[in-house]
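**Student:** Take this structure, written in structure tokens, and hold onto it; I'll ask about it next.
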Amino acid sequence: MSDSSASPFTAGIKALRDIAFPLAIIMLSAAGLVVAYYNVPEVATALNRIGALNRASPMLFAAICTAITSGLTPWIFRMIFPKLRPKHPFLDLIHSMTWWALMGMVVSIFYGFQAAWFGEEVNLRTVLLKVLVDMAGFTILIGAPGNAISHLWKDCDWDSARMREAMRPGWYRRVVLPNLLTNYFVWLPGTLIFYSMPTDLQLVVANCIGCFWALMCARIAAHSGVPATDVHG
């Protein structure tokens with residue numbers, strides 16, 4: 001059981017520390033992918049083929065791609081290591097893949113709005129505007145609360161009574177703030193990276209980072225003092 005006296009900031013920092021090294025690797029890899037896209041024709045050709053799939057069926061592409069990268073892949077990683085294994089593996093997999101498929105579609109729509117609002121040019125002004133709206137708007141209102149509540153429900157073993165108890169006054173500080181604080185560690189550099197790509201490829205690069213963000217969300221839930229079964233069982 002997690003320590004209920006842990007502050008939201010402490011919960012987030014513990015989660016960040018847990019996966020700091022692989023997170024640094026994935027960030028560098030994502031940044032390298034952006035550089036390669038603009039400098040290596042073969043990389044650009046391969047990625048543009050993926051972007052064409054996205055354009056052909058954006059909602060289906062977003063759902064499948066995000067479910068695999070942020071739902072299935074972290075689940076496989078957790079199943080490999082006994083200490084990280086979820087208490088209810090099959091239900092955890094169904095929950096994670098369903099949730100991240102839905103979030104993938106929401107995020108894809110949001111990226112489309114961003115392109116309509118600010119244009120699709122890759123320049124400093126456009127990238128910074130998209131990062132600002134993402135971090136100050138979407139993240140606070142949708143991304144962080146949604147992910148936090150989703151993981152809370154799972155940690156409550158999908159029990160509505162326990163969920164209501166966990167959502168008592170102060171829930172935003174306990175449940176959302178750990179995700180929100182750590183979100184900025186991950187997604188501030190992450191948004192700078194993937195908004196530097198064409199719109200059709202932003203979700204692809206974001207999902208590379210999102211794989212590790214999904215793992216971090218699970219670790220935050222274990223450290224944040226939620227009155228529920230520890231996510232690792």
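The values are calculated or read from the model by the stated rules, or taken from the named source; none is laboratory data. Everything quoted here is computed from the prediction, not taken from an experiment. Here the Cβ is made from the backbone with ideal geometry for all residues, glycine too, and neighbour counts use every protein chain on show.
**Student:** With the checklist (1) hydrophobic (A, V, I, L, M, F, W, C); (2) within 19 Å of the chain's Cα centre (by Cα); (3) at pLDDT 95 or above in hand, flag the one item Met27 doesn't pass.
**Tutor:** Here Met27 meets the rest and fails (3).
**Student:** Could I ask something else about it? Picking from Leu91, Leu47, Leu33, which residue would you name as being surrounded by fewer than 18 Cβ atoms within 10 Å (Cβ to Cβ) and in a helix (DSSP H, G or I)?
**Tutor:** Leu91
**Student:** Taking the range 49-77 as the region of interest, how many residues are touching a residue at least 24 places away in the same chain (Cβ under 8 Å) and either touching a strand residue (DSSP E or B) at 6+ places or on another chain (Cβ under 9 Å) or not hydrophobic (A, V, I, L, M, F, W, C) (or both)?
**Tutor:** 10
**Student:** Same structure, new question: I'm trying to understand the selection: among the residues of the range 150-191, which are under 20 Å from Thr69 (Cα atoms), out of contact with any Asp or Glu (no Cβ under 8 Å at 6 or more places or on another chain) and either crowded, with 19+ Cβ neighbours inside 10 Å or among the polar types (S, T, N, Q) (or both)?
**Tutor:** If the condition is that a residue be under 20 Å from Thr69 (Cα atoms), out of contact with any Asp or Glu (no Cβ under 8 Å at 6 or more places or on another chain) and either crowded, with 19+ Cβ neighbours inside 10 Å or among the polar types (S, T, N, Q) (or both), then Ser150, His151, Asn179, Thr182, Asn183, Val186, Gly190 are the ones that fit.
**Student:** Quick one: would you say Asp155 is in contact (Cβ under 8 Å) with a residue 40 or more places away in the chain and under 29 Å from Ser57 (Cα atoms)?
**Tutor:** No; evaluated as a whole, the condition is false for this residue.
**Student:** Now for a different question. How many residues are free of Cβ contacts under 8 Å to residues at least 40 places away in the same chain, among the aliphatic types (A, V, I, L, M) and under 17 Å from Gly210 (Cβ atoms) if we restrict to the range 78-105?
**Tutor:** 4
**Student:** Those residues that are in contact with a Gly (Cβ under 9 Å, 6 or more places away or on another chain) and crowded, with 20+ Cβ neighbours inside 10 Å, I need them from the range 111-140; list them, please.
**Tutor:** Asp134
**Student:** Let me confirm something: among Ala62, Ala20, Ala44, which residue is within 23 Å of Gly190 (Cβ to Cβ) and modelled with pLDDT under 90?
**Tutor:** One residue alone meets the criteria, Ala20.
**Student:** Please give the number of the condition Leu72 fails out of (1) surrounded by 20 or more Cβ atoms within 10 Å (Cβ to Cβ); (2) in a helix (DSSP H, G or I).
**Tutor:** Checking Leu72 against (1) surrounded by 20 or more Cβ atoms within 10 Å (Cβ to Cβ); (2) in a helix (DSSP H, G or I), the one that fails is (1).
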